[in-house]
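Below: the structure, in structure tokens.
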């Protein structure tokens, strides 16, 4: 069993709504991520960067100077504030920053930020991941930031950021399908739930792990939690709900709801569960896509929410606006984007500011 670090020096994984120093993105370049639909993707990125740069610095990974020029042209036409964009020449394979970049923790005894490097194996599925796996070193070096390598049972711990979600107060959401399935897309063979919990405590300062069951249909990560359930306050989550009993997500989401009923948070408070609708099933080329409003991204002054030309877009935006009354909640068209099997949260990665946690208005 891992011995926790002393409280005065323990790490803390901040919540996404706490102040950011920057948001990291990687400029899209791999047409295989969006086969037959790549052309509009840079323009969707242009809109994402434009929205985020209104409130914070955007740090953008590009392969080299030629790719930087391409990105600058698109961003300029999209109206993004290029003064708020910092370019980093770092070659990548696929560039899903949520999953390949390090986690950032704060120290309880000081305002120092530290990078936590997890292993990345292309979701235990895709062989073209070796450049992405080295991105954490480049990021830590660019920021002159100390970095620690996460491990469990004497070996590197493989983990993607989309597989976890925290409330900044010591509680973490994840799924059994993603990390405990012994057959499909196995990240860490032989690790138990207790092994993960010990590692989360040591490297992220987590005291409570809420294990959900399975993820949504169409998710090729095999169960990332950021497509179904997210913290929106220290004591509240949004959980996707499918009302059609014939839909393959219906039973999965209801079972996850049952797991959350009666949960008491680390510290004793009750967890509030807020319904977030699912859009109508979205298919392309006969493939069901992981369209979900839960894949939103919380930036300093805004929340970007994927939308799908669906009547439920408006409902989802309204629910999230009530959850984040201090931010501008904006929809970003994601029908093309989700053909890459991910949307806004998958693409982005926050870099927290050093300092005290941001107090927010709890949902009611």
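The values are calculated or read from the model by the stated rules, or taken from the named source; none is laboratory data. This one's a predicted model, so the numbers in the text were calculated from it and none came from an experiment. Please note: Cβ atoms are built from the backbone with ideal geometry, for glycine as well, and neighbour counts cover all protein chains shown.
Would you check which residues across the range 100-114 are in a strand (DSSP E or B) and within 22 Å of residue 347 (Cβ to Cβ) and list them? Give the steps one after another, and end with the answer.
Here is the first cut: in the range 100-114, the residues in a strand (DSSP E or B) are 103-107, 110-114.
Within the range 100-114, 103, 104, 105, 113 meet the criteria.
Kindly indicate which of 80, 140 is crowded, with 21+ Cβ neighbours inside 10 Å and either farther than 21 Å from residue 161 by Cα or touching a strand residue (DSSP E or B) at 6+ places or on another chain (Cβ under 7 Å) (or both). Lay out the reasoning, then the answer.
Numbers: 140 fails: crowded, with 21+ Cβ neighbours inside 10 Å.
After ruling out the rest, the residue left standing is 80.
With part of a helix (DSSP H, G or I) and in contact with a helix residue (DSSP H, G or I) (Cβ under 8 Å, 6 or more places away or on another chain) as the only criterion, which of 219, 226 stands out?
Values: 219 fails: part of a helix (DSSP H, G or I).
None of the others qualify; the one that does is 226.
Please work out which residue is surrounded by the fewest Cβ atoms within 10 Å (Cβ to Cβ), limiting yourself to the range 102-127 and to residues that are in contact with a helix residue (DSSP H, G or I) (Cβ under 7 Å, 6 or more places away or on another chain) and modelled with pLDDT under 95.
Among them, the one singled out is 109.
Might you let me know whether the range 172-183 holds any residue that is surrounded by fewer than 16 Cβ atoms within 10 Å (Cβ to Cβ) and outside any loop (DSSP other than H, G, I, E, B)?
Yes: one or more hits.
For the range 184-205, name all the residues that are on the phi < 0 side of the Ramachandran plot, part of a loop (DSSP other than H, G, I, E, B) and surrounded by fewer than 16 Cβ atoms within 10 Å (Cβ to Cβ).
We begin by selecting, within the range 184-205, every residue on the phi < 0 side of the Ramachandran plot; these are 184, 186-189, 191-204.
Among the residues that remain, those that are also part of a loop (DSSP other than H, G, I, E, B) are: 184, 186-189, 191-192.
Of everything in the range 184-205, those that are on the phi < 0 side of the Ramachandran plot, part of a loop (DSSP other than H, G, I, E, B) and surrounded by fewer than 16 Cβ atoms within 10 Å (Cβ to Cβ) turn out to be 184, 189, 192.
Which of the residues spanning the range 115-169 are assigned to a strand (DSSP E or B) and over 21 Å from residue 222 (Cβ atoms)?
Within the range 115-169, the first condition is being assigned to a strand (DSSP E or B), and the residues that meet it are 115-117, 119, 147-149, 151-152, 155-156, 158, 165-166.
Passing the criteria: 115, 116, 117, 147, 148, 149, 151.
Can you tell me which residue within the range 56-71, out of those that are in contact (Cβ under 8 Å) with a residue 12 or more places away in the chain and assigned to a helix (DSSP H, G or I), is surrounded by the most Cβ atoms within 10 Å (Cβ to Cβ)?
First, the residues of the range 56-71 that are in contact (Cβ under 8 Å) with a residue 12 or more places away in the chain: 56-65, 67-68, 70-71.
Now restrict to residues that are assigned to a helix (DSSP H, G or I): 65, 67-68, 70-71.
Working: 65: 9, 67: 18, 68: 17, 70: 14, 71: 25.
Restricting to residues being in contact (Cβ under 8 Å) with a residue 12 or more places away in the chain and assigned to a helix (DSSP H, G or I), the top hit is 71.
For the list (1) without any contact (Cβ under 8 Å) to a residue 40 or more places away in the chain; (2) surrounded by fewer than 18 Cβ atoms within 10 Å (Cβ to Cβ), I need the number of the one condition that residue 305 fails.
Only one criterion is unmet by residue 305, namely (2).
Quick check on the range 143-171: of everything there that is under 30 Å from residue 264 (Cα atoms) and more than 20 Å from the chain's Cα centre (by Cα), which residue is surrounded by the fewest Cβ atoms within 10 Å (Cβ to Cβ)?
Taking the range 143-171 as the starting set, the residues that turn out to be under 30 Å from residue 264 (Cα atoms) are 150-153, 157-171.
Applying the additional criterion that residues be more than 20 Å from the chain's Cα centre (by Cα) yields 151-153.
Values: 151: 15, 152: 22, 153: 12.
The selected residue is 153.
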